[in-house]
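Chemist: Quick one: the structure is below, questions incoming.
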Amino acid sequence: MSVAAAPQLLDFQHTYADALEGLYVPWQGAVAPEPRLLVLNDALARELGADPEALRAPEGVAALAGSVAPAGSRPIAMAYSGHQFGSLSPRLGDGRALLLGEVLDVEGRRRDLHLKGSGRTPFARGGDGKAVVGPMLREHVVGEAMHALGIPTTRALAVVATGERVRRETSLPGAVLARIAASHLRVGTFQYASLTGNVELVRRLADYAIARHHPDAAAADNPYLSLLASVVDVQAALIARWMSVAFVHGVMNSDNMTISGETIDYGPCAFMEAFDPAATFSSIDHGGRYAYGMQPALAQWNLARLAETLLPLVADDQESAVAAVTPVLESWWTRYDAAFLDRLRAKLGLGGDDGGDDELDATLVADLLGLLRADRVDFTTFFRAAAATLRGDRARDARGLLLSLPAWDAWEARWRERLGEAGRSDAGAAATADAMDAINPVYIPRNHAVEDALTAATVGDLAPLTRLVDAVTHPFVERADLADLAAPGPEDDIYVTYCGT
Ligand code: AMP
Ligand code: MG
């Protein structure tokens, strides 16, 4: 691989590599025998200031596969630790991934370009360093859906098939995902820095995280405590958004939680259909640790792990440091509850500033979720049907989805009364229904549709995937020809996702 062949694709910068020696290893990608572009996100490429045609050219595809380092890139495998299902793995890191560098996008935002599936690195442990087509395309579909729903997320710039067979339970086609993120700083990155015992490294990492993601913290009395509070804030907002679309991440290990507040590492994730807080989908989540309803508590648990790493920076003695971080961690529930209530109110056509009482509205929401759970109502369908209820559309209204009708009628009456007090019923009902439809999706990546699309893509037919991506990237406008993608899968079809490796 000669330097002269390195394609000029993006204007790379390397603030992470420059500032954080000790938290990465310079490395090279493995050569993909026959790289073939499966997906290129043209709009995202342009957002990064890249020319989609240059990325589509053979040199561009080779670079996206990790075979050739593009001009100006400095590939590194990033180091991190993580609590996986509650137990600490001190040395995880990019076992099969590389950060190529950072790019300032057209709006001046710093974004990482990162490859996943680009071969073994010093962090690979027993792994083969590879990724396969299905799970990498899943990351693409789900990431684009989340983005279209307004949920902060990493995004796929491209998925390239490597032309190599990868051994899993069966032999599968290999792939590399090129991923864009606000950064790849994880809770686990702080854990790794902390475990080195070098407090100055933790400080450098915290200063870097403040400058890159939470600049307001720099001016606070205690910048590191303020950093923690900012991460608590962005994660509370993020998890509330997941919960408001019934998203189950599946592996909320501390290495899969960002400092930026973006969703990262879509492995065995799924969108829940019939509402059930105990729902899990991951084949490896036996105890239901990362069930839908557990996610807020688990996020707080991970943030406590972040807080532990910051203790030496927060105060000189451990006792004062613990006293300082404890109320910040405890503020999780206030922040999360407020963010969740805000989302659920909006889904129901209500606002926080329309005269409602927080406690009464929270009870209204909780009672609704109790009804949805009791009758196993499809969460996504329900909120579109609720708008139909306001329009008086009997054929599609929410009542038709519920089984315990007296309980529903009582709840509907309370909801209508609350809407009435806010001036959102009667004459305002149509506008309220429209506002609900503008934020309650028709199309989410439903498990049956994702599975069908990935199965077809794995044997070379990308048409179902393209159709699904089209639906979930325009989630709010119903289209007659996409009716099958709006419908839940068969109830008795127990959906299980595998770890995606
Ligand atoms: P994940 O479950 O994808 O979040 O990955 C957890 C850890 O396992 C990370 O350190 C990954 O880099 C590593 N890992 C996962 N799959 C592989 C693989 N096939 N080869 C090497 N490392 C892997
Ligand atoms: Mg991960």
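The values are calculated or read from the model by the stated rules, or taken from the named source; none is laboratory data. Model, not experiment: these values are computed from the prediction. Reconstructed Cβ throughout: ideal geometry from the backbone, glycine too, with neighbour counts over all protein chains shown. The area values use the complete protein model at the heavy-atom level, side chains included, leaving out ligands, DNA and RNA. Shrake-Rupley method; radii C 1.70, N 1.55, O 1.52, S 1.80 Å.
Chemist: Fully extended, how many nm does the chain gain between ALA463 and ALA407 (0.36 nm per residue separation, minus their Cα-Cα distance)?
Modeler: 15.8 nm
Chemist: OK, next. Mind putting a number on the dipole of the chain about its Cα centre? Charges go on the C-beta only, +1 for Lys and Arg and -1 for Asp and Glu, and I need it in Debye to the nearest 20.
Modeler: Dipole about the Cα centre, nearest 20: 1280 debye.
Chemist: With θ set to phi - 60°, apply the Karplus curve 6.51 cos²θ - 1.76 cosθ + 1.60 along the range 98-103 and write out the HN-Hα couplings as whole Hz, x wherever there is a Gly or Pro.
Modeler: Calculated HN-Hα couplings, in order: 9, 8, 7, x, 10, 9 Hz.
Chemist: Calculate for the chain the 222 nm mean residue ellipticity that helices alone would give, adding -39,500 (n - 2.57) per DSSP H run of length 4 or more and normalising by residue count, nearest 500 deg cm²/dmol. Before the final figure, lay out the partial values.
Modeler: Working: 17 runs with 217 residues, N = 501.
Computed ellipticity for the chain at 222 nm equals -13500 deg cm²/dmol.
Chemist: Something else now. Can you give me the % of accessible surface on the chain that is carbon or sulfur? Probe 1.4 Å, all protein chains present, nothing else counted.
Modeler: So the carbon and sulfur contribution to the accessible surface is 54 percent.
Chemist: To the nearest 10 Å², what's TRP332's accessible area with a 1.4 Å probe?
Modeler: About 0 Å², rounded to the nearest 10.
Chemist: For the range 5-184, just say rounded, prolate or oblate: build the C-alpha gyration tensor, square-root its eigenvalues into a ≥ b ≥ c, call rounded for a/c under 1.5, and beyond that prolate if a/b exceeds b/c, oblate if not.
Modeler: Rounded is the answer for the range 5-184, as its axis ratio a/c remains below 1.5.
Chemist: While we're on this one: Return the FRET efficiency for the residue pair ASP221, ALA57: r is the Cβ-Cβ distance, R0 is 35 Å, and the value is rounded to the nearest 0.05. Let's see the in-between values first.
Modeler: On the way: r = 52 Å, r/R0 = 1.50.
So, using R0 = 35 Å, E works out to roughly 0.10.
Chemist: Ranked by accessible surface with a 1.4 Å probe, highest first, in what order do THR334, THR121, THR473 come?
Modeler: THR334, THR473, THR121
Chemist: While we're on this one: When 1/r is averaged over all different Cα pairs and the result inverted, which Kirkwood radius in Å belongs to the chain?
Modeler: 23.8 Å
Chemist: Could you compute how much accessible surface TYR208 exposes when probed at 1.4 Å, giving the result in Å² to the nearest 10?
Modeler: 20 Å²
Chemist: In addition: Taking 0.36 nm per residue of separation and subtracting the Cα-Cα distance, what length does fully extending ALA456 through GLN8 add? Display every interim value, and only then the final one.
Modeler: On the way: separation 448, 0.36 × 448 = 161.28 nm, distance 3.37 nm.
Gain on extension, ALA456 to GLN8, equals 157.9 nm.
Chemist: Pop the C-beta distance of ASP353 and VAL199 into the FRET formula with R0 = 60 Å and round what comes out to the nearest 0.05.
Modeler: Details: r = 44 Å, r/R0 = 0.74.
The calculated FRET efficiency here is 0.85.
Chemist: Could you order THR162, THR196 so the one with the most accessible surface comes first? Probe is 1.4 Å.
Modeler: So, going from the largest accessible area down, we get THR196, THR162.
Chemist: Restricting things to Cα coordinates, could you compute the convex hull volume per residue of the range 211-280 in Å³?
Modeler: Convex hull of Cα atoms, per residue: 93 Å³.
Chemist: Pulled fully out, how much extra length does the chain show between GLN84 and ASP426, if you take 0.36 nm times their separation in residues and subtract their Cα-Cα distance?
Modeler: Extending this stretch completely gives an extra 118.0 nm.
Chemist: Over the chain, what is the mean sequence separation of C-alpha contacts under 8 Å (at least six apart), divided by residue count, expressed as relative contact order in percent?
Modeler: 14 percent
Chemist: From Cα pairs below 8 angstrom and at least 6 apart in sequence, can you work out the relative contact order of the range 5-184, rounded to a whole percent? Present the calculation step by step, with values, prior to reporting the outcome.
Modeler: Details: 432 pairs, mean separation 45.0, N = 180.
For the range 5-184, the relative contact order is 25 percent.
Chemist: Could you check the spin-label model distance between GLU34 and ALA19? Points 7 Å from the Cα along Cα→Cβ, value in nm.
Modeler: Placing both labels 7 Å beyond Cα along the Cβ direction yields 4.4 nm.
Chemist: Could you grab the relative contact order for the range 390-497? Cα pairs under 8 Å, six or more apart, rounded to a whole percent.
Modeler: That works out to 24 percent.
Chemist: Take GLU169, GLU200, GLU451 and sort them by solvent-accessible surface of the protein heavy atoms, 1.4 Å probe, largest at the top.
Modeler: The ordering from most to least exposed comes out as GLU169, GLU200, GLU451.
Chemist: Still on this model: No solvent, one uniform scatterer per C-alpha: report log10 I(q)/I(0) for the range 218-340 via the Debye equation at q = 0.10, 0.22 1/Å, two decimals.
Modeler: Summing over Cα pairs of the range 218-340 leads to -0.33, -1.22.
Chemist: Counting only DSSP beta bridges with both residues in the chain, tell me the antiparallel percent, nearest 5.
Modeler: Bridges in the chain that DSSP calls antiparallel: roughly 95 percent.
Chemist: Amide H to amide H under 5 Å from SER89: which residues, 5+ apart in sequence or cross-chain, H placed 1.01 Å off N in plane?
Modeler: Placed amide hydrogens put GLY82, HIS83, GLN84 under 5 Å from SER89.
Chemist: To the nearest 10 Å², what's LYS347's accessible area with a 1.4 Å probe?
Modeler: 10 Å²
Chemist: Dipole of the chain (Lys/Arg Cβ +1, Asp/Glu Cβ -1, origin at the Cα centre): which of ALA57, THR389, GLY82 lies farthest to the positive side?
Modeler: ALA57
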